[in-house]
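Participant: Structure incoming, see below.
The values are calculated or read from the model by the stated rules, or taken from the named source; none is laboratory data. These numbers come from a predicted model, not from an experiment. Cβ placement follows ideal geometry from the backbone for every residue including glycine, while neighbour counts extend to all protein chains displayed.
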Ligand SMILES: CNc1nc2c(CCNCC3CCCCC3)c3nc(N)[nH]c(=O)c3cc2[nH]1
């Protein structure tokens, strides 16, 4: 059963505090409270968590992944089985990426040209041709509520002419993606398609990309081409340049970001949506995020510590289990270690986002920002 609200896609900007924004996105599968952290569900699952648990942490939306799902089990099979919401038992909002970023980072023998990207599956070597049109078709077959245009994201640093070529190609692909989305009746189904701002670390190219995309009727806009190896200050300076020239009445999604500090700094600069594999991946590697900074449970200093990670947390993984027990599980290589630490990390990320939403709503974001930085600096004692 999928929770169909029957509503069309909309974004309500509720209030602002400086450049920080509190809003709500309404999709056919529910409301997304922004700023929002969106847990990553790469292969139709948020790794090591049940969908009910993910929901309980406060997540309103999870990510699906066009690249992985088009290879296995294929978008057509997911569609035949009722779509991704039913397939993974997540009756709330789903956002999908277009697959281009994963192709460039995972596939073999990839060749990118004006028409799209040709590649061989990293699973079985089968050949594929992903175009702007095919990517939107796949996301439609999955039943995604928030879809992404196909784009070209290049690493940083890169020569300016490379950054410009990729940005201009992505603008042409934005147009083709939009045409395909409308041909498939996406707006009428209440779904949204986001344009993706590129331009690397070049202010003028960032501004041109944002302005050109703003002329097209996208339901939201992503900031792409960042978190690709550049220092945090470069990423943040690109946000200072880019968000002011993005439509103020549409959601902004910073792709692939980030650490808790990245989230705090980026919300401060007007970003509404985030995704990152950090909390889930770190959880599987014995690393816990808490309100007082990071705790590496591999470290022997925890072996006699009876305290939980955070006794004030509403998440059982954070408030019930001792650090000594978590340390034991990590050292023993037990699967429960990854399950509990992933649960803790996703719960902490949602706790942080809820704190920011409340602070913006109360006009006290600056205080929240400073207090959070102090708590992290205090570190785990
Ligand atoms: C980690 N840094 C980063 N990620 C970027 C991503 C991917 C965002 N995450 C997608 C999920 C990954 C796991 C599976 C489910 C989808 C980017 N994606 C696109 N399309 N364009 C970018 O410029 C783009 C830029 C990105 N930078």
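Participant: Is it the case that region 109-121 has a residue that's over 30 Å from residue 205 (Cβ atoms), surrounded by fewer than 24 Cβ atoms within 10 Å (Cβ to Cβ) and more than 12 Å from the ligand (Cβ to nearest atom)? Write out each step before concluding.
Facilitator: Taking region 109-121 first, the residues over 30 Å from residue 205 (Cβ atoms) are 120-121.
Okay, now just the ones that are also surrounded by fewer than 24 Cβ atoms within 10 Å (Cβ to Cβ), so 120-121.
If we keep only those that are more than 12 Å from the ligand (Cβ to nearest atom) as well, we get 120-121.
Among the residues of region 109-121, at least one is over 30 Å from residue 205 (Cβ atoms), surrounded by fewer than 24 Cβ atoms within 10 Å (Cβ to Cβ) and more than 12 Å from the ligand (Cβ to nearest atom), which makes the answer yes.
Participant: Among (1) under 22 Å from residue 100 (Cβ atoms); (2) more than 13 Å from the ligand (Cβ to nearest atom); (3) in contact (Cβ under 8 Å) with a residue 40 or more places away in the chain, there is one condition residue 261 misses while meeting the rest; what is its number?
Facilitator: Of (1) under 22 Å from residue 100 (Cβ atoms); (2) more than 13 Å from the ligand (Cβ to nearest atom); (3) in contact (Cβ under 8 Å) with a residue 40 or more places away in the chain, only one is false for residue 261: (1).
Participant: Can you name the strands (runs of 3 or more DSSP E) wholly within region 269-341 that have at least 1 residues being away from the ligand (no atom under 16 Å from the Cβ)? Steps first, answer last, please.
Facilitator: Values: elements: 273-275, 287-290, 293-296.
Counting at least 1 such residues, we get 287-290, 293-296.
Participant: Condition check: assigned to a strand (DSSP E or B) and within 15 Å of the ligand (Cβ to nearest atom). Does residue 193 satisfy that?
Facilitator: Numbers: assigned to a strand (DSSP E or B): yes; within 15 Å of the ligand (Cβ to nearest atom): yes.
It is true that residue 193 is assigned to a strand (DSSP E or B) and within 15 Å of the ligand (Cβ to nearest atom).
Participant: With respect to residue 44, determine if the residue is touching a residue at least 12 places away in the same chain (Cβ under 8 Å), within 16 Å of the ligand (Cβ to nearest atom) and more than 25 Å from residue 220 (Cα to Cα). Break it down stepwise before answering.
Facilitator: Numbers: touching a residue at least 12 places away in the same chain (Cβ under 8 Å): yes; within 16 Å of the ligand (Cβ to nearest atom): yes; more than 25 Å from residue 220 (Cα to Cα): no.
Spelling it out, it is not the case that residue 44 is touching a residue at least 12 places away in the same chain (Cβ under 8 Å), within 16 Å of the ligand (Cβ to nearest atom) and more than 25 Å from residue 220 (Cα to Cα).
One line per residue, one yes/no per condition, for (1) away from the ligand (no atom under 15 Å from the Cβ); (2) over 17 Å from the mean Cα position of the chain (by Cα); (3) without any contact (Cβ under 8 Å) to a residue 24 or more places away in the chain:
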residue	(1), (2), (3)
177	no, yes, no
198	no, no, no
202	no, yes, no
205	no, yes, no
211	yes, yes, no
231	no, yes, yes
234	no, yes, no
239	no, no, no
250	yes, no, no
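Participant: Follow-up. State which residue is nearest to the ligand (Cβ to nearest atom) when the search covers only region 52-62 and only residues that are buried (at least 20 other Cβ atoms within 10 Å of the Cβ) and within 28 Å of residue 74 (Cβ to Cβ).
Facilitator: 62
This table checks each residue for (1) assigned to a loop (DSSP other than H, G, I, E, B); (2) touching a strand residue (DSSP E or B) at 6+ places or on another chain (Cβ under 8 Å); (3) more than 13 Å from the ligand (Cβ to nearest atom).
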| site | (1), (2), (3) |
| --- | --- |
| 128 | no, yes, yes |
| 151 | yes, yes, no |
| 164 | no, no, yes |
| 174 | no, yes, no |
| 208 | no, no, yes |
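Participant: What are the residues in region 53-77 that are under 13 Å from residue 43 (Cβ atoms), in contact (Cβ under 8 Å) with a residue 40 or more places away in the chain, under 16 Å from the mean Cα position of the chain (by Cα) and not in a helix (DSSP H, G or I), if any?
Facilitator: Within region 53-77, 63, 64 qualify.
Participant: If you don't mind, there's one more thing I want to ask. Out of the residues in region 21-52 that are under 13 Å from the mean Cα position of the chain (by Cα) and not in a strand (DSSP E or B), which is modelled with the lowest pLDDT?
Facilitator: This residue is 42.
Participant: Please verify whether region 150-158 includes one or more residues that are touching a helix residue (DSSP H, G or I) at 6+ places or on another chain (Cβ under 7 Å), free of Cβ contacts under 8 Å to residues at least 60 places away in the same chain and closer than 21 Å to residue 225 by Cβ.
Facilitator: Within region 150-158 (the criterion being touching a helix residue (DSSP H, G or I) at 6+ places or on another chain (Cβ under 7 Å), free of Cβ contacts under 8 Å to residues at least 60 places away in the same chain and closer than 21 Å to residue 225 by Cβ), the answer is yes, since at least one residue qualifies.
Participant: Give me a count of the residues in region 130-141 that are assigned to a helix (DSSP H, G or I) and surrounded by fewer than 21 Cβ atoms within 10 Å (Cβ to Cβ). Show your work before the answer.
Facilitator: Initially, region 130-141 is screened for residues assigned to a helix (DSSP H, G or I), giving 132-141.
From the residues that got through so far, the ones that are surrounded by fewer than 21 Cβ atoms within 10 Å (Cβ to Cβ) too are 133-134, 137.
Looking only at that region, the number is 3.
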